[in-house]
Amino acid sequence: MGYHIWRYATEQNKKTISLSLVDEILDIYLSDLNRNVYFKVYNDLSSKEKEFVQAMGKVGKQKVKSQEIGKIMNKGANYLAVYRRKLIDDQVIKPDGYGYVSFLLPHFDKFIEQEMILNEF
């Protein structure tokens, strides 16, 4: 994001960085982030890890209770614990209170939503 802000500010001869400047480059930044980082992270996940993060995305909350993931995946706590641990170790998700997890990567939930939509076609 810093690169895009610097480049845009230089091109526009802006001497200060404002929230409106950040808003102007946000779509470009997210596009690069998805293409250059999240696509690789997601494709390196196993099918079960993808299923886990997709279940998180389906819940649609910042903090997701493990029980909700289990209901969507139709799996028990012991099964989920294996993939939860792998995703935490890979720094894709983080523990977020007792029994909850959240995405560690900013905007990764939106990327997952887009991938699920694309996979439907």
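The values are calculated or read from the model by the stated rules, or taken from the named source; none is laboratory data. Model, not experiment: these values are computed from the prediction. For neighbour counting, all protein chains shown are included, and Cβ atoms are generated from backbone atoms with ideal geometry for every residue, glycine included. Ligands, DNA and RNA are stripped out before the accessible areas are found, and what is left, the full protein with its side chains, is counted by its heavy atoms. Shrake-Rupley method; radii C 1.70, N 1.55, O 1.52, S 1.80 Å.
Screening Val82, Val64, Val59 for residues that are free of Cβ contacts under 8 Å to residues at least 60 places away in the same chain and surrounded by 18 or more Cβ atoms within 10 Å (Cβ to Cβ) leaves exactly one candidate, Val64.
Listed by first and then second residue, the pairs linking a residue in region 16-38 that is at pLDDT below 90 to a residue that is charged (D, E, K, R), with Cβ atoms under 7 Å apart and 6 or more places separating them unless they lie on different chains, are Leu21/Lys14. Considered as a group, the residues in region 43-67 that are assigned to a helix (DSSP H, G or I) and among the β-branched types (Val, Ile, Thr) include one that is nearest to Glu115 (Cα to Cα), and that residue is Val53. Screening Gly70 against (1) more than 21 Å from Met116 (Cβ to Cβ); (2) of a type outside the set (D, E, K, R); (3) without any contact (Cβ under 8 Å) to a residue 24 or more places away in the chain leaves a single unmet condition, (1).
Taking the criterion of being more than 30 Å from Ile28 (Cα to Cα) and assigned to a helix (DSSP H, G or I), the residues of region 74-89 that qualify are Ala77, Asn78, Tyr79, Leu80, Ala81, Val82, Tyr83, Arg84, Arg85, Lys86.
From Lys40, Lys71, Lys15, grab the single residue that is part of a helix (DSSP H, G or I), open to solvent by 80 Å² or more (accessible area, probe 1.4 Å) and under 24 Å from Tyr3 (Cα atoms).
Numbers: Lys71 fails: under 24 Å from Tyr3 (Cα atoms); Lys15 fails: part of a helix (DSSP H, G or I).
Every option except Lys40 fails the conditions.
Scan region 18-37 for residues that are over 20 Å from the mean Cα position of the chain (by Cα) and open to solvent by 80 Å² or more (accessible area, probe 1.4 Å) and the total you get is 2. Among all positions in region 90-110, there is at least one residue which is open to solvent by less than 30 Å² (accessible area, probe 1.4 Å), touching a residue at least 60 places away in the same chain (Cβ under 8 Å) and within 26 Å of Leu30 (Cβ to Cβ).
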